[in-house]
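To keep things clear, I will list the structure first and then write my remarks on it.
Where a number appears in this text, it was derived from the coordinates with a stated rule and is not lab data. Quantities reported herein were computed from a predicted structural model and do not represent experimental measurements. Cβ coordinates were reconstructed from backbone atoms using ideal geometry, including for glycine residues, and neighbour counts include every protein chain displayed.
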Amino acid sequence: MTRHTRATLLVLALLMTAAGCGLAAPGGSDAEPKVTILGPWTDEQERQFKDVLDGFGIPYTYQGTAATREVLLAEVQAGDPPDIAILPGVGELVEYADERRLRSLEGLYEPQQYGNPWRPRADGIPGDLWFPLKADLKSIVWYREGTPPARGPAPLASWCIGMVDDGASGWPGSDWIEDLILQRAGPGLYERWATGDLAWTDDRVVAAWTAWAGMLAQDEGTAEDMLMADHRGPAGGHGLLFGGGCDLEHQGSFARAFYGDRGGRAVFEDSARLLPGGPYRVRAHEVSADFAALFGGSGAARGLIRRLASLDAQEDWGRKGGVFSPNAAVPPKTGPVDKEVSRRLTGQQVPLCLDASDVMPAAVRDAFYEAVLLTVAHPSDPVRDRLADVQKVQDTQRSETPRLRGVCGRPQ
């Protein structure tokens, strides 16, 4: 690997991050004070979320961006954080909590309605500083209705894979690594790795990473194309699955939003038997969540959090946006695909584990994504040295960031 290649990948990732920032139109009139909200949803998903917010009667301004981490960090450093931040991972919120920037949500939601892993805890941090607003199922593979995959690991040519994201290029590849570790080694070892108690150079981590790299090495030209492919598919299209010349997509339940009016033709199955090196038995399901936290102390901001956490709002958003709630008291959605996602998100089959990169300290997560991009660029290179670089970053964070616990579990 040359220094030029490494620099090119880093510049690419930074440019993609910068592309995601933008201020959405406010709710409420200009004469009223507004609750400021930062969240990860843009375009159609933003419109659906704002439809829910508009029903509260609380004036607000919503800023939607895929680069939530960068935007929030800049606003906090400028002394002007949003009243409410919604982040696609709790790892960053732990860092803000450790700096005593978050306000208690006590009395604003019902903690008993959320089991593990939706209530991860951090050493020395109060447990009421965030709650999961929206959930997604991972450890699944989407395919077009009527074209089920073969009974075994699929070759690289079958997969729809794109590494580009506005806020964090490389994360689609991290999902592959996480799922491989989870299905090969089980939730216990997965949680130790995700929370920093297992070295990145452990043989089991190296073996999972090597299996993924081996799949990419089947066609390095195709793998290189993935570096420039957007995980959402071409702009204005129907996602990679319906417009990318491929048959399978290892992607979370949110992927149907990319398929547009063709989403009704997408069905899924567990990923375990299709992963490289498999087939494996399903040992757990990886899940992700968007966590809401309170930076401002106004009564309006607290009231908006209370409304967002209410059962009525959770059901309303599910109807308008097709999203899933981790709240055990929200009735499961109907429809064959939605019903199956809801059933798995309740942990009725196997344990659930939060996305590992979402619970890692931000610096470790970024090193993880960089290693993913470098592996896609050079899949034939040994992975252990690359993982040793991530371990060095983790070692610097060991005494600086509180550890999360309860990353895996059964909600009920």
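Taking the C-alpha atoms only, the angle from helix 68-77 to the longest principal axis of the chain is near 50 degrees. All other residues whose Cβ lies under 9 angstrom from that of residue 322 are scored, Lys and Arg at +1 and Asp and Glu at -1, for a net of +3. The string of couplings for region 180-187 from the Karplus curve (6.51, -1.76, 1.60, θ = phi - 60°) is 5, 4, 5, 6, 7, 10, x, x Hz, one whole number per residue in order, with x for Gly and Pro. Between residue 399 and residue 112, the FRET efficiency estimated from the beta carbon spacing at R0 = 35 angstrom works out to 0.55. Listed cross-link partners 339/392; 34/339; 333/392; 50/392; 34/134; 138/320 are compared with a 32 Å cut-off, the Cα-Cα value being larger for 339/392; 34/339; 333/392; 50/392. For region 45-135, what does the alpha-carbon gyration tensor say about shape, rounded, prolate or oblate, given a ≥ b ≥ c as the root eigenvalues, a/c under 1.5 as rounded, and a/b over b/c as prolate? Oblate is the answer for region 45-135, as a/c is 1.5 or above yet b/c matches or exceeds a/b. Which shape class, rounded, prolate or oblate, goes with region 202-358 when its Cα gyration tensor gives a ≥ b ≥ c as root eigenvalues, a/c under 1.5 marks rounded, and past that a/b bigger than b/c marks prolate? Here region 202-358 falls in the prolate category. Taking the Cα atoms of region 111-192, the ratio Rg/Rh between the radius of gyration and the Kirkwood radius comes to 1.04. Neighbours of residue 368 by Cβ distance under 13 Å: Lys/Arg scored +1, Asp/Glu scored -1, total -4. If you average the C-alpha positions of region 120-139 and of region 223-288 separately, how far apart do those two centres end up, in angstrom? Using only Cα atoms to place each centre, the spacing works out to 25 Å. Rg and Dmax of region 311-393, both derived from C-alpha coordinates alone, stand at 18.7, 52 Å. Taking Cα atoms only, the orientation of helix 384-397 departs from the longest principal axis of the chain by about 30 degrees. Taking Lys and Arg as +1 and Asp and Glu as -1, the other residues whose beta-carbon sits under 11 Å from that of residue 244 total -3. Whats the longest run of the chain with zero trypsin sites (Lys or Arg not before Pro) that are DSSP loop and have at most 13 other Cβ atoms within 10 Å? The answer is 152-280. The label-point distance for residue 44 and residue 269, in a model that sets each label 7 Å from Cα toward Cβ, rounds to 2.7 nm. Measuring r between the beta carbons of residue 338 and residue 150 and using R0 = 30 Å, the FRET efficiency lands at 0.70.
When shorter helices are ignored and each DSSP H run of at least 4 residues is given -39500 (n - 2.57), the per-residue value for the chain at 222 nm works out to -12000 deg cm²/dmol.
The long axis of helix 43-54 is offset from the longest Cα principal axis of the chain by roughly 30 degrees. Among the GluC sites (Glu not before Pro) within region 104-209, those in coil by DSSP and having at most 15 neighbouring Cβ atoms inside 10 Å are 106, 145. In the chain, how does Rg compare with the Kirkwood Rh, expressed as the Rg/Rh ratio over alpha carbon atoms? Rg/Rh for the chain comes to 0.94.
Charge dipole (Cα centre; +1 on Lys/Arg Cβ, -1 on Asp/Glu Cβ; no other charges) of region 89-137 amounts to roughly 100 debye.
Note on residue 201 and residue 78: the extension gain reaches 40.5 nm, defined as 0.36 nm multiplied by sequence separation minus the Cα-Cα distance.
Here the spin labels are modelled as points 7 Å beyond Cα on the Cα-Cβ line, and at residue 98 and residue 225 they lie 4.2 nm apart.
Residues 346, 195 in ascending order of nearby Cβ atoms (within 10 Å, fewest first): 346, 195.
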